[in-house]
Amino acid sequence: MKKLVLALAGTAVLAAAAVTYTVSARHDTADAEPAAQLSLAPGQLLFRSLPTGRVGAVPLTGTDAKPQLSGLKCDRFAVARQTAVCLAVKPGTLPPVTDVLVLDDHLAVRHTQTLPGTPSRARVSPDGKRVYWTLFVTGDSYAATGFSTRAGMYEVDSGRLVKTIEELPVFVGGKRYFAPDVNYWGITFAADGKRFYATLGSKGKTYLVEADYGRYRGKALRENVECPSLSPDGKRVAFKKKVGDGVWRLSVLDLATMAETALAEQRSVDDQALWQDDHTVLYGLDNAVWAVPADGSGAPRKLAGDAASPAVTG
């Protein structure tokens, strides 16, 4: 098992000329459409434009509007409060490495952390004080066997970096769990900034882990829960449940009763869902961003085409 690395890294202070620094500039690409000056103003659906890789935005109240596309290019993107995170694989690197870009409310880069692997998942804590990510260290996908992941965190205010949570002490069935093949992915934090959830994968099984960030220990709550996403009220987790080889059903788990509700989306969803509010779950599927009621009723509704990695500003 790999050693947990805790390091302190100061937040980068950018000069005025660096405020316009974006991933697209680093990738040395040019798009025909001018870049929009996006911010994290409330009431927006932000997403990754699949044709361009650029972060786009439409109003939540009118998602049929033409998207505004920024100059920022990401493979994964997430926001909360006045903080955003962009995961962007560096081109031409073997083995692959990823830049974790911590952004302010105008999508200017505050801090960059370069880590081994390719982007998988990204999130920002509800208070905007932590960003966290999952990287594939081999570039494989969840549908493959033998993949390895690194799930880590960065504290925006202090600059504290946790490169991997693999040595998080976890109890399964009341006993401390040890295994050489432990992997974590899909971190999601509660509003208090202390309680968080993640998937633990080991020996062909997956577990929903509930952990305390301050005490730095956790426990497995149940099996067959992947890519958890905690609801704004902190009472439920949206997740993908494996129902076959490479097939997942989007579901919601009540944390008090452990009652499970399958959502109306019948297709296989390989994504970490996002709560738009306490009643609606968003996700990426078939080159689009979709919404579905969190209580199992209704039907999926397309919010944006040619899009992935949804994020909502509140």
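Listing for the model above:
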item	result
Residues (within 13 Å of R121 (Cα to Cα) and free of Cβ contacts under 8 Å to residues at least 60 places away in the same chain) located in the stretch 86-97	L87, V89
Qualifying residue in the stretch 248-255 (condition: in a loop (DSSP other than H, G, I, E, B) and within 21 Å of R195 (Cβ to Cβ))	yes
Selected residue [of a type in the set (A, V, I, L, M, F, W, C), touching a strand residue (DSSP E or B) at 6+ places or on another chain (Cβ under 7 Å) and surrounded by 22 or more Cβ atoms within 10 Å (Cβ to Cβ)] from V55, V97	V55
Criterion: assigned to a loop (DSSP other than H, G, I, E, B) and polar (S, T, N, Q) - qualifying residue of T112, T98, T93	T93
Contacts under 8 angstrom Cβ, first residue in the stretch 168-195 being within 11 Å of K219 (Cβ to Cβ), partner assigned to a loop (DSSP other than H, G, I, E, B) and open to solvent by 20 Å² or more (accessible area, probe 1.4 Å), 6 or more apart	L168/L4; L168/Y216; P169/Y216; V170/Y177; F171/Y177; R176/P169
Residue among A220, A191, A211, A198 that alone is over 15 Å from V162 (Cβ atoms), of a type in the set (A, V, I, L, M, F, W, C) and part of a strand (DSSP E or B)	A220
Answer from Y207, Y154, Y132, Y177 - the residue that is over 24 Å from S268 (Cβ atoms), surrounded by 15 or more Cβ atoms within 10 Å (Cβ to Cβ) and over 17 Å from the mean Cα position of the chain (by Cα)	Y177
Meets criteria (of a type outside the set (S, T, N, Q), surrounded by fewer than 20 Cβ atoms within 10 Å (Cβ to Cβ) and within 26 Å of P51 (Cα to Cα)) for G296	no
Some residue of the stretch 62-73 being assigned to a strand (DSSP E or B), in contact (Cβ under 8 Å) with a residue 40 or more places away in the chain, under 20 Å from P310 (Cβ atoms) and of a type in the set (S, T, N, Q)	yes
Residues being part of a loop (DSSP other than H, G, I, E, B), open to solvent by 20 Å² or more (accessible area, probe 1.4 Å) and within 20 Å of F136 (Cα to Cα) - total across the stretch 225-247	2
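The values are calculated or read from the model by the stated rules, or taken from the named source; none is laboratory data. In this text, all values refer to a predicted model and were calculated from it rather than measured experimentally. As a convention, Cβ positions derive from the backbone with ideal geometry for all residues, glycine included, and neighbour counts pool all protein chains shown. Note: areas computed on protein heavy atoms with side chains; ligands, DNA, RNA excluded. Shrake-Rupley method; radii C 1.70, N 1.55, O 1.52, S 1.80 Å.
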